[in-house]
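Okay, structure first, notes after.
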Amino acid sequence: MSQNILVCGGAGYIGSHMVRLLRRSGHVVTVFDNFSQGHRAALPDDVSVIEGDLCDPSALVRAFAAGPFDAVYHFAALISVGESVTAPDLYYRNNVVGALNLLDAMRGAGCDRIVFSSTAAIFGNPETDLIDESHRRAPLNPYGWSKLMMEQILADHAHAFGVRSVSFRYFNAAGADPTGAIGEAHDPETHLIPNILLAAMGVRSGLEIFGDDYDTRDGTCVRDYIHVDDIASAHLAALGLMDAEPGAHAFNLGNGRGFTNLDVIDAARDVTGRDIPVRVGPRRPGDAAMLVADSTKARNRLDWTPEVPDILDIMKTAWTWHQAPAYGPFAVEHTAERSAK
Ligand SMILES: NC(=O)c1ccc[n+]([C@@H]2O[C@H](COP(=O)([O-])OP(=O)(O)OC[C@H]3O[C@@H](n4cnc5c(N)ncnc54)[C@H](O)[C@@H]3O)[C@@H](O)[C@H]2O)c1
Ligand SMILES: O=c1ccn([C@@H]2O[C@H](COP(=O)(O)OP(=O)(O)O[C@H]3O[C@H](CO)[C@H](O)[C@H](O)[C@H]3O)[C@@H](O)[C@H]2O)c(=O)[nH]1
């Protein structure tokens, strides 16, 4: 049955892939975004767009006046682990105060279902190779704390107000829509795979690896990369779970395979066939050595199966996007590079 969905942060990287999946699935979509990182060009013509900031309660009242909404997907946040260490005030204001404003506005409008973007960063350095939902939470940075606080707030709102929620702890979102129409375009770009591909393009002079003295197989950090459309498909399944079971649910989303930063660079060399100059720099503050998901719970409870689990296939979709980005800070440089050939 078609539902009316508000997607906060829907113009961003993961949100825009969610918007497309919701439209393909027949749902009606309204996007709320302040466009600090989002892109209008990432949105299809058949969605309504409300420009506003989560930190402005009046903008949220305006958004909910466009409802009623059956559910909210909440992707809007500041997302850089390293930046959160030096600017914690920004992270707590945007990610906690802003999200509380959203919950207030939902309650005022009688909307009681929310799917929340949490993160592997709530776990800190893991005690086991694979991290399942029962693992101890011990964030290493304010970004992770902001997300863990929101998970607690959602649990308390379930108890006090009957809010139904699903928190998804994504491990590392990667890849792009297979058509290449939308993809990852942050400014500044801090994520590993886009930075590697920008180095492969020659848009960046090379890639700096943040530390090679971690206690891992080759000394670089280990991450679990999950295709952005596989994150979106889990979110779609969450609608049914919230209908069936009240309360605050949480799931870890990953492929269960860890790749060192050097492995990821090798995968990019395979896919692009290009030289990727690499230099080793100091560790980045707030980084965990290794984050790999056990997503058995999502597979069982949501009947969720990742469709693009292979790192090379994930990389191929990212490469398709990066070679001809339709928008974002590097679209112009890429155009210049293409025309120079
Ligand atoms: N990218 C990853 O690997 C990853 C991993 C785990 C969790 N997450 C979480 O997933 C969510 C989406 O991540 P993303 O990579 O798509 O980020 P993104 O920056 O591309 O998207 C976030 C969107 O939210 C908007 N936004 C931010 N603050 C806002 C505010 N105060 N009011 C209104 N709009 C605002 C931005 O303009 C942007 O469009 C975030 O909550 C992030 O913490 C991302
Ligand atoms: O230019 C770069 C960029 C990244 N890295 C390294 O690559 C790994 C992955 O870094 P990303 O910035 O791509 O991703 P993170 O693991 O730091 O964080 C991502 O996943 C987290 C969950 O683990 C958060 O949710 C966050 O929003 C999301 O950006 C880390 O070891 C990082 O130090 C580099 O060496 N060079």
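For region 103-194, applying the loop criterion from DSSP together with a ceiling of 12 other beta carbons within 10 Å to the trypsin sites (Lys or Arg not before Pro) yields R136.
Could you work out the relative contact order of the chain? I mean the mean sequence separation of Cα pairs under 8 Å and 6+ apart, divided by the number of residues, in percent.
Result for the chain is 19 percent.
Measuring between their Cα centroids, region 124-158 and region 292-332 lie 23 Å from each other. Using every pair of separate Cα atoms, the Kirkwood estimate puts the hydrodynamic radius of region 52-166 at 14.9 angstrom.
Per residue, the chain exposes an accessible area of 41 Å² to a 1.4 Å probe, with every protein chain left in place.
When the chain is treated as a GNM with alpha-carbon contacts under 10 Å, the residue of A105, A71, A87 showing the greatest mean-square fluctuation is A87. Would you mind getting me the FRET efficiency between D266 and A41? Use the beta-carbon distance for r and R0 = 30 Å, nearest 0.05. Calculated transfer efficiency: 0.40.
If you line up the long axis of helix 311-323 against the longest principal axis of the chain, both from Cα atoms, how many degrees apart are they, to the nearest 10? Taking Cα atoms only, the helix is inclined about 90 degrees.
From largest accessible area down, sort M149, M201; use a 1.4 Å probe on the protein chains.
Largest accessible area first, the list is M149, M201.
For region 88-156, the percent of C-alpha pairs falling in each 10 Å distance bin, counted from 0 to the bin holding the largest distance, reads 20, 46, 26, 8, 0.
Look at the alpha carbon pairs under 8 Å that are at least 6 residues apart: their mean separation over the length of region 182-341 gives a relative contact order of 37 percent. Once R0 is set to 41 Å, what does the formula 1/(1 + (r/R0)^6) return for the Cβ-Cβ distance between T128 and L90, expressed as a FRET efficiency to the nearest 0.05? The calculated FRET efficiency here is 0.80.
Return the percentage of antiparallel bridges among DSSP beta bridges fully within the chain, rounded to the nearest 5 %. In the chain, DSSP labels about 5 percent of beta bridges as antiparallel.
Where nothing but the Cβ of Lys and Arg (+1) and of Asp and Glu (-1) is charged, how large is the charge dipole of the chain around its Cα centre, in debye to the nearest 20?
300 debye
If you fit an axis through the alpha-carbon atoms of helix 192-201 and take the longest principal axis of the Cα set of the chain, what angle between them do you get, 0 to 90°, nearest 10? Helix 192-201 sits at roughly 50 degrees to that axis. Diffusion of the chain by Stokes-Einstein, at 37 °C in a medium of 0.692 mPa s and with Rh set to the Kirkwood radius over alpha-carbon pairs, works out to 162 µm²/s. Projecting label points 7 angstrom from Cα along Cα→Cβ for E245 and D104 puts them 3.2 nm apart. Sparse packing (at most 13 other Cβ atoms within 10 Å of the Cβ) combined with a DSSP loop state is found for the following GluC sites (Glu not before Pro) in region 94-160: E127. Its relative contact order, with pairs defined as Cα atoms under 8 Å and 6+ residues apart, puts region 213-262 at 63 percent.
Across region 156-209 the C-alpha pair distances fall into 5 Å bins from zero in the proportions 4, 14, 17, 17, 12, 8, 8, 8, 5, 4, 1 percent. What the Cα convex hull of region 270-311 gives, in volume per residue, is 121 Å³.
Between the Cα long axis of helix 13-24 and the first principal axis of the chain there is an angle of about 60°, rounded to the nearest 10.
The values are calculated or read from the model by the stated rules, or taken from the named source; none is laboratory data. Since the model is a prediction, treat every value here as computed from it, not as a measurement. Methodologically, a virtual Cβ is constructed for each residue, glycine included, from the backbone with ideal geometry; neighbour enumeration extends over all protein chains shown. Surface accessibility is based on the protein's heavy atoms, side chains included, excluding ligands, DNA and RNA. Shrake-Rupley method; radii C 1.70, N 1.55, O 1.52, S 1.80 Å.
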